[in-house]
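For reference, the structure discussed in these notes is given below.
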Amino acid sequence: MLDDKYLEKFLEENKINAKILRFEKSVMSSEEAMNLVGDKVVKTILLICDGQPIICILRGKDKIDFEKIKNLGFKEVRLAKAKEVKEITGYDIGALPPFAHKQKLRTFVDSKVLELDKIYCGGGCHRCLLEIDINELLKFLENYEIKDISLAHL
C-alpha cells in the first residue's frame, strides 16, 4: 500500500518541485479539496478501458466524458472499482496522485487542466493534497497524451 510518505520520498528522489499539504479534514473528494484550496483542484481517476488501466487527469469540477474516451479507440470503458485502484496504483481511491504509482500507466490529461498554473491533486492519503506547478507535473508524467476528455459544460 502506497501513501503520502511514499509520495513524499518519490518527490525527493526525483527532485520534483512539489509539496504535500496535510489537513485535519478529509480532502478525499474534489469538493472537499476545493473548499480548502479553491478551484485549482485536479482529480486523478483510474478507468478500465478494454481491460487496460488508464489514468485520467481532469479539473476537479469536471466529469469524464465516456464517449470521448471511447472515441480514442476503446469499446468498453468503465470506472475502476476501489479494489482495482488500490491493486493497480497502490493508493486508496480518493487519495490517488497523478504519478508515483506501482506501475507505469498510460495517462490522458484533459486539455482544460492546461488552463491552470499551480494545481492541487491527490496527495497519497485522504487528508493530503499534492501542490505542484502544471509544467512540473507534465515534466514528470510518463506516457501521457493531452486530450479533450471532459463533458462540455452547458
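Those residues that are open to solvent by 50 Å² or more (accessible area, probe 1.4 Å), of a type outside the set (S, T, N, Q) and on the phi < 0 side of the Ramachandran plot, I need them from segment 40-67; list them, please.
LYS40, LYS61, LYS63, PHE66, GLU67
ASN71 - would you say it is more than 18 Å from ASP110 (Cα to Cα) and open to solvent by 70 Å² or more (accessible area, probe 1.4 Å)?
The answer is no for ASN71.
Mind checking which residues of segment 1-39 are part of a helix (DSSP H, G or I), over 23 Å from VAL77 (Cα atoms) and open to solvent by less than 30 Å² (accessible area, probe 1.4 Å)?
Result: ASP4, LEU7, LEU11, ALA33.
Here's a check for you: in segment 116-154, which residue that is among the hydrophobic types (A, V, I, L, M, F, W, C) and in a loop (DSSP other than H, G, I, E, B) is modelled with the lowest pLDDT?
LEU154
Among VAL109, VAL113, which is the only one that is in a helix (DSSP H, G or I) and at negative phi?
None of the other options fit; the residue is VAL113.
Would you mind stating whether LEU79 is free of Cβ contacts under 8 Å to residues at least 40 places away in the same chain, within 23 Å of ASP39 (Cα to Cα) and open to solvent by 10 Å² or more (accessible area, probe 1.4 Å)?
Judged against the criteria, LEU79 is not a match.
Determine which single condition GLY94 fails, assuming it passes every other condition in (1) in contact with a Gly (Cβ under 8 Å, 6 or more places away or on another chain); (2) over 24 Å from LEU21 (Cβ atoms); (3) not β-branched (Val, Ile, Thr).
Every listed condition holds for GLY94 apart from (2).
Return the total of residues in segment 82-100 being assigned to a helix (DSSP H, G or I) and in contact (Cβ under 8 Å) with a residue 60 or more places away in the chain.
The number of residues fulfilling the criteria is 2.
Just for segment 87-124: of the residues that are basic (Lys, Arg) and under 22 Å from GLU31 (Cβ atoms), which one is surrounded by the most Cβ atoms within 10 Å (Cβ to Cβ)?
Filtering first and then ranking leaves LYS112.
The values are calculated or read from the model by the stated rules, or taken from the named source; none is laboratory data. This is a predicted model, so every value here is computed, not measured. No Cβ is skipped: glycine too gets one built from the backbone with ideal geometry, and neighbour counts run over all protein chains shown. Areas reflect the complete protein model, heavy atoms only, side chains present, ligands, DNA and RNA absent. Shrake-Rupley method; radii C 1.70, N 1.55, O 1.52, S 1.80 Å.
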